[in-house]
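Heads up, the thing below is written out as structure tokens.
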Amino acid sequence: MPCIYGPYPAGQLRNLSDKRERIDSETPGPRPGERFTADVSDLTAEGAGVARHGGLVVFVPGAVPGDLVRARIVRLRRGWAEGELLAVERPADARRMAPCAAQDECGGCPLMVLDEAAALAVKGRALAETLRRVGGVACGVAEIAPSPRPLRYRGRVRFAVAPRGEGTLVGFHPRGQECGFAPVDDCLLAPEGTTALAREFLERLAALGPGPWPAQLEVRCSFASGRRLLVVHGPSAPWPHAAAAAGALLAARPDLAGVVRLVPRRGAPPLEQLLGGAEAVLETIGGAEVELGATSFLQVNPAAAELLYARARAALEGPKGGRLLDLYCGVGLIGLLAVDADVEVVGVELNEAAAERAARAARRAGRTNARHVAADAVAFAREAAERGERFERVALNPPREGAGPGLAAAVAALRPEVVAVVSCHPAALARDLKLFAARGYRTTRVVAVDMFPQTPHLEAVARLEREG
């Protein structure tokens, strides 16, 4: 019997339990374990199908719009329910056999069962509806550009690692199962040989004898050069075998440029420790050469990133010259590709190593009027406004959770003519656009790029103009 902690004597707890059971038995509606058949009409931001049963919205992972499914209620929530897919009674017209044998178990590519055009249409409708419903954005989505590559497009893949006793297996945690593990022989989103490289590091590590074992392995690939960087996550204990395994792997794999270990630190970003070779590889996007390091942010799909930065350029269009404040600049590609060379660029990035790489990329491109600062975006924008600095344009590519009210207020205080917001999360983008609207910035255009084929995610770019 579970322990219950609270301010109630045992007799009152029994009475409360009896009362709850009576209410549950008298309340109409679906029950956990109940089976039903329903059409799937929509898709959640995480890729679950949306069905309706007994007055409830039910989220069914594995189902896609257009399916008629048989499902089971797994868990009731306030106003909605979680479901389990039992069978697809009538598949959607666009449904296909997934090209990856691990798709169903892994769960990382829920839209792989739809052809690319249908999947993109589903994602576009979801983005437009979220912007309208959550953000009050009336302009719709003007364009959705497909990825040049539907598969083998990711330049960065992070694998989960099976416990040492289960062998040298790499894979992923199934969606919603952080303790689960789905082994993968060859992830079709990554360039060929990526999964094998991660597995080979584990094999060499195991051959050196007992000792610490990584929790995750990340492979970062340059499509321009074909070179790769292996990033080993954890542990914090001394680990001489890691350097030995890295050296052996570097000697055997000419495509491997370097191996970097990330050592976890409490209350601080992980410490980068070079185990062998180079600490970064060079990638080229839109003609700009940038460094891809162990922790630096770079769009995972370089071919689609070129399309994205072209659209960011259109979103920042304005009078010649002036200044651009590029917040969350990563390795600095918006400053290099989205404005002309006569625009002065100030890039802000919290990750110090990424800010340094952005500065080096600007120097390689001959941009003498660009500077990059390692700082918090909100604090920098607020202090710049207090100093009376002037920026005609502001670009921001915030984390997945969005910019938030603090940054919206700080940017609005700078009074730029144009703001461009890049986001991979429709709801977060919608919330941010609503915050900016309350501060006098109207969304005039939204476009999207399919940065993440086979998944429910899109990258969107919004142009905001100052009113009055």
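The values are calculated or read from the model by the stated rules, or taken from the named source; none is laboratory data. Computed from a prediction, not measured in an experiment: that's the story for all the values here. FYI the Cβ positions are ideal-geometry reconstructions off the backbone, even for glycines, and counts take in every protein chain you see. Accessible surface areas use protein heavy atoms only, side chains included; no ligands, DNA or RNA. Shrake-Rupley method; radii C 1.70, N 1.55, O 1.52, S 1.80 Å.
Here's the yes/no breakdown for (1) outside any loop (DSSP other than H, G, I, E, B); (2) of a type in the set (Asp, Glu):
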{"position": "Ala118", "(1), (2)": "yes, no"}
{"position": "Lys123", "(1), (2)": "yes, no"}
{"position": "Val134", "(1), (2)": "yes, no"}
{"position": "Pro150", "(1), (2)": "no, no"}
{"position": "Gly176", "(1), (2)": "no, no"}
{"position": "Asp186", "(1), (2)": "no, yes"}
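When Leu249 is tested against (1) open to solvent by less than 30 Å² (accessible area, probe 1.4 Å); (2) within 24 Å of Ala353 (Cα to Cα), only condition (2) is not met. Residues being within 24 Å of the chain's Cα centre (by Cα), of a type in the set (Asp, Glu) and open to solvent by less than 10 Å² (accessible area, probe 1.4 Å) are represented in region 450-463 by at least one member. For the subset of region 103-116 comprising residues that are hydrophobic (A, V, I, L, M, F, W, C) and in a helix (DSSP H, G or I), which member is farthest from the chain's Cα centre (by Cα)? Applying the filter and picking the extreme gives Val113. Can Ala438 be described as within 25 Å of the chain's Cα centre (by Cα) and at pLDDT 95 or above? The answer is no for Ala438. I'd like to check something: does region 213-233 contain any residue that is among the hydroxyl-bearing types (Ser, Thr, Tyr), open to solvent by less than 10 Å² (accessible area, probe 1.4 Å) and either over 27 Å from Ile285 (Cα atoms) or in contact (Cβ under 8 Å) with a residue 40 or more places away in the chain (or both)? Yes, there is a match, as at least one residue in region 213-233 is among the hydroxyl-bearing types (Ser, Thr, Tyr), open to solvent by less than 10 Å² (accessible area, probe 1.4 Å) and either over 27 Å from Ile285 (Cα atoms) or in contact (Cβ under 8 Å) with a residue 40 or more places away in the chain (or both). Condition test on Leu217, is it hydrophobic (A, V, I, L, M, F, W, C) and part of a loop (DSSP other than H, G, I, E, B)? So Leu217 fails the test. No other residue among Ala374, Ala338 is modelled with pLDDT of 95 or more and either open to solvent by less than 50 Å² (accessible area, probe 1.4 Å) or out of contact with any Leu (no Cβ under 8 Å at 6 or more places or on another chain) (or both) apart from Ala338.
Could you tell me whether region 346-356 includes any residue that is charged (D, E, K, R), touching a Cys at 6+ places or on another chain (Cβ under 8 Å) and surrounded by fewer than 23 Cβ atoms within 10 Å (Cβ to Cβ)? Show your work before the answer.
Let us first name the residues in region 346-356 that are charged (D, E, K, R), namely 349, 352, 356.
With touching a Cys at 6+ places or on another chain (Cβ under 8 Å) added as a condition, the list becomes 349.
Adding the requirement that they be surrounded by fewer than 23 Cβ atoms within 10 Å (Cβ to Cβ) leaves none.
No.
Would you confirm whether or not region 311-331 contains a residue that is at pLDDT 95 or above and either among the aromatic types (Phe, Trp, Tyr) or within 30 Å of Leu205 (Cβ to Cβ) (or both)? Yes - at least one qualifying residue is present in region 311-331. For first residues located in region 386-414 and closer than 23 Å to Leu336 by Cα, partners that are of a type in the set (Phe, Trp, Tyr) and lie 6+ apart or on another chain with Cβ distances below 6 Å form the pairs Leu396/Tyr328; Asn397/Tyr328; Pro398/Tyr328; Leu414/Phe391. Determine whether region 434-443 contains at least one residue that is open to solvent by 40 Å² or more (accessible area, probe 1.4 Å), among the small types (Gly, Ala, Ser) and in contact (Cβ under 8 Å) with a residue 40 or more places away in the chain. Yes, some residue in region 434-443 is open to solvent by 40 Å² or more (accessible area, probe 1.4 Å), among the small types (Gly, Ala, Ser) and in contact (Cβ under 8 Å) with a residue 40 or more places away in the chain.
Picking from Gly47, Gly55, Gly33, Gly29, which residue would you name as being in contact with a strand residue (DSSP E or B) (Cβ under 8 Å, 6 or more places away or on another chain), modelled with pLDDT of 85 or more and within 30 Å of Ala92 (Cα to Cα)? Before you say what the answer is, go through the steps one by one.
On the way: Gly47 fails: in contact with a strand residue (DSSP E or B) (Cβ under 8 Å, 6 or more places away or on another chain); Gly55 fails: in contact with a strand residue (DSSP E or B) (Cβ under 8 Å, 6 or more places away or on another chain); Gly29 fails: modelled with pLDDT of 85 or more.
Result of the check over Gly47, Gly55, Gly33, Gly29: Gly33.
Taken over region 254-298, the criterion of being of a type in the set (Val, Ile, Thr) and open to solvent by less than 40 Å² (accessible area, probe 1.4 Å) is satisfied by Val259, Val260, Val263, Val281, Ile285, Val290.
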